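Each value in this text was obtained by applying a stated rule to the coordinates, not by laboratory testing. Quick caveat: nothing in here was measured; it's all calculated off a predicted structure. Methodologically, a virtual Cβ is constructed for each residue, glycine included, from the backbone with ideal geometry; neighbour enumeration extends over all protein chains shown.
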Amino acid sequence: MKGPSSPNQPPPLPKSHTSLWTLLWRTFKPDPRASYKHQTAVYLCLFFIVTTLAVLGVYITTKVIAAIWGSRLRRKSEGIRRSIFENFLATEDEAGASESEGKSKETASRPVIVGFFHPYCNAGGGGERVLWYAVHATLKEHKNAICAIYTGDTEVHKSEIIEKVKARFEIVLDEERIFIVYLLRRQLVAASTWPRLTLLGQALGSILLGYEAISKLVPDLFVDTMGYPFTYPAVSLLLNIPIAAYVHYPMISTDMFSTLSLTTQLPKYIYWRIFALLYAFVGAFADIVMANGTWTFNHIKSVWWLNRLLSLAFDRSKKLEFQILYPPCATADLQKFDVTNPRKPVVLSIAQFRHEKRHEIILEEFAKFAKSDAAPPNTQLLLIGSVRDNRDKMRVYELRLLARELGINDDVHFVLEAKWDEVKNWLRTASVGVNAMWNEHFGIGVVEYMASGLISVVHESGGPRMDIVVPFDGKPTGFHFSTDPNGEMTLATALTKVFALSPEEQIEYRTRAQESAARFSEENFETGWLERLRVLLMLEEYCHVDRISRESPS
């Protein structure tokens, strides 16, 4: 009878496993006679194998769980999807039963739901113009498309939302092919909900809000037009559908790190660095990325480096190159304004009443200008903008108080929730357009100034400096100002220079501005958006076929 196994020998195993077990044992067994370098290499190899197996195990487990979970979401959403498609087909039959024989191949194909994730769709700002014009272009070009809008504006009916879009942007929508999905947890993405670790809090909140969205209605395409990339992994893993990101403003950028001191703000620096890594990870789940301007493009290309790395490692047809797609601006009608007509001494600001728009700087600098000898008689400041909630309303109240404290209360006027016709009347008659935001991602309001023939005075940063108020035919179209106390050109100084121009010089500025603004037309946006949408629809067809083949019995 054989005695017990020696400690330096592998324990007995079934014969079928003896060879593999012996090989592993001989490879990784401790050997006190081996050199330190040899033992280190052996353990590193073992660590690599174990880590690889663990990663593969986590990956496979995650994919299996996601597939099961995603199937449950799809089954849960079947009823509402069926109802949407039945209503869509019924509407199509009523609208054009006699034209059924002449339908194009695209129209006759299966309907698809394009989901637009935009929790503040009724805010009435530049981001909302992008959303609704993308919806308008999608419905106009693809007759088999249905647009679902995921929004937290629960107190507003669909017809009211669409009516406001028409009044504010003059965008006419096909109401029958728009489906509103109301989200009840929008407060999770509000900055006020997370007074500490705001970026991380909003990111986690957006995950929960995104899951609420897809649990109520599973779309065929997911389009984020507001900037919540932390929703992408869940949508991609659970649903296996293409994701498009229209980025207005990166959640974190390289500029933010330059504002920190490593000696006094090291914890915040580390926190932002970790968040930047998470941001790069979630951004890699976007199939198509569009930036609204050069400033955003440069930053998003830098912080979403993992997306570009995967483009090189895998199929480039899926991870396409980032592109700049300027927002749709209503330049065509505004460019019809006659710049030779006399203008009123009105300084105009069009911006939502949010903290980052820095209306207080405009008020303070306008007060300096209005009290100087350079100001024409009856110079007025007009602040036009929308308010989203009670916080914005409180900000307007505080700005009114500031105007009173500065002694310019009679010279400043606030116009809230103005309709587009009213806005156009002011654009037609005002002299100067002002934007004070630091690193404004683009600045649709500035484009509207220029298309209307206003002379723009903007902060020397972001999109207004890099994309919009740039020389045309080698000559200036407006002015840049600085908020640096040591800077030569303040806002008050810039206003002084504008009103010091002769009538002929002013007309030259206005003419160049109008001609330059043609780059940002609605037609150019529509062309670019539909090009991206065609790729998304091709990806959707691929994902659809892949899901069907996996779900079908072999």
All other residues with a Cβ under 14 Å from the Cβ of Ser461 taken together, and with Lys, Arg as +1 and Asp, Glu as -1, what is their net charge? -3
In nm², what is the average projected area of the convex hull enclosing the Cα atoms of the range 331-520? 10.2 nm²
Modelled label reach - Leu306, point 7 Å along Cα→Cβ, the range 274-295 residues with backbone N closer than 19 Å: 274-290
Label-point separation in nm, Gln323 to Leu208, each point 7 Å along Cα→Cβ: 3.7 nm
How do Ser349, Ser386 line up, fewest other C-beta atoms within 10 Å first? Ser386, Ser349
If R0 is 56 Å, what FRET efficiency do you get for Asn409 and Ile274 from their C-beta distance, rounded to 0.05? 0.75
From largest to smallest, what semi-axes in whole angstrom does the range 185-293 give when each is the square root of 5 times an eigenvalue of its alpha carbon gyration tensor? 27, 16, 11
For Ser372 paired with Thr340, estimate the spin-label separation in nm (one decimal), with each label point 7 Å from Cα along the Cα-to-Cβ line. 3.2 nm
Dimensionless Rg ratio for the chain, taking C-alpha atoms and the 2.2 N^0.38 Å reference: 1.20
For Thr263 paired with Ala500, estimate the spin-label separation in nm (one decimal), with each label point 7 Å from Cα along the Cα-to-Cβ line. 4.1 nm
Efficiency of FRET between Arg110 and Lys475 - r from beta-carbon atoms, R0 60 angstrom, step 0.05: 0.65
Do the sum for the chain: with -39,500 (n - 2.57) for every DSSP H run of n ≥ 4, divided by all residues, what is the mean residue ellipticity at 222 nm, to the nearest 500 deg cm²/dmol? -16500 deg cm²/dmol
Using only Cα atoms, what is the ratio of the radius of gyration of the range 365-420 to 2.2 N^0.38 Å? 1.25
Added length on full extension, which subtracts the Cα-Cα distance from 0.36 nm per residue, Thr429 to Glu488: 18.3 nm
Nearest 0.05, what FRET efficiency do Glu175 and Asn524 give at R0 = 22 Å with Cβ-Cβ as r? 0.25
